[in-house]
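These notes are about the structure you will find just below.
The values are calculated or read from the model by the stated rules, or taken from the named source; none is laboratory data. Fair warning: this is a prediction, and the values are worked out from it, not measured in the lab. Please note: Cβ atoms are built from the backbone with ideal geometry, for glycine as well, and neighbour counts cover all protein chains shown. Just so you know, the surface numbers come from the protein's heavy atoms only, side chains and all, with ligands and any DNA or RNA stripped out. Shrake-Rupley method; radii C 1.70, N 1.55, O 1.52, S 1.80 Å.
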Amino acid sequence: VELLFGDGENYDKAAVDLGASVAHGDPDQRSLAVPTDGSAAQVRELLERMEQRGITVEKFTLKRPSLDDVFLSLTGGERS
């Protein structure tokens, strides 16, 4: 799931709260990629977690991992 935030404050709070579960963060775009199994229950849980902590998510997008994403997650590498 890619979470998009309307401002840097919400982005920063979410990045700290989600910590190690964030696969990729882009502060310029104010987006965080968080791995899920794609189920409605897990996406709902993630969005409810943000709401409970007072973090406003502007939009979210479900994305399938690319081969690059899979490779980087297996090797611990980062995108350049």
Point to revise | When residues of region 43-55 are limited to those that are open to solvent by less than 70 Å² (accessible area, probe 1.4 Å) and either out of contact with any Ser or Thr (no Cβ under 7 Å at 6 or more places or on another chain) or of a type outside the set (A, V, I, L, M) (or both), the one nearest to Asn10 (Cα to Cα) | key: Ile55
Study note, to complete from the structure: Residue hits (region 26-59; at positive phi and at pLDDT below 95) are Gly38
Exercise for review: Return only the number of the condition from (1) touching a residue at least 40 places away in the same chain (Cβ under 8 Å); (2) open to solvent by 60 Å² or more (accessible area, probe 1.4 Å) that Asp37 does not satisfy.
Suggested key: (1)
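Conditions (1) among the aromatic types (Phe, Trp, Tyr); (2) modelled with pLDDT of 95 or more; (3) on the phi > 0 side of the Ramachandran plot, marked per residue:
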site	(1), (2), (3)
Ala14	no, yes, no
Leu18	no, yes, no
Thr61	no, no, no
Arg64	no, no, no
Phe71	yes, no, no
Gly76	no, no, yes
Revision key, fill the gap. The condition of being without any contact (Cβ under 8 Å) to a residue 24 or more places away in the chain and among the basic types (Lys, Arg) holds, among Arg44, Arg53, Arg30, Arg49, only for Arg44
Check your understanding: With Asp68, Asp12, Asp28, Asp17 as the choices, which residue is part of a loop (DSSP other than H, G, I, E, B) and open to solvent by 40 Å² or more (accessible area, probe 1.4 Å)?
Key -> Asp28
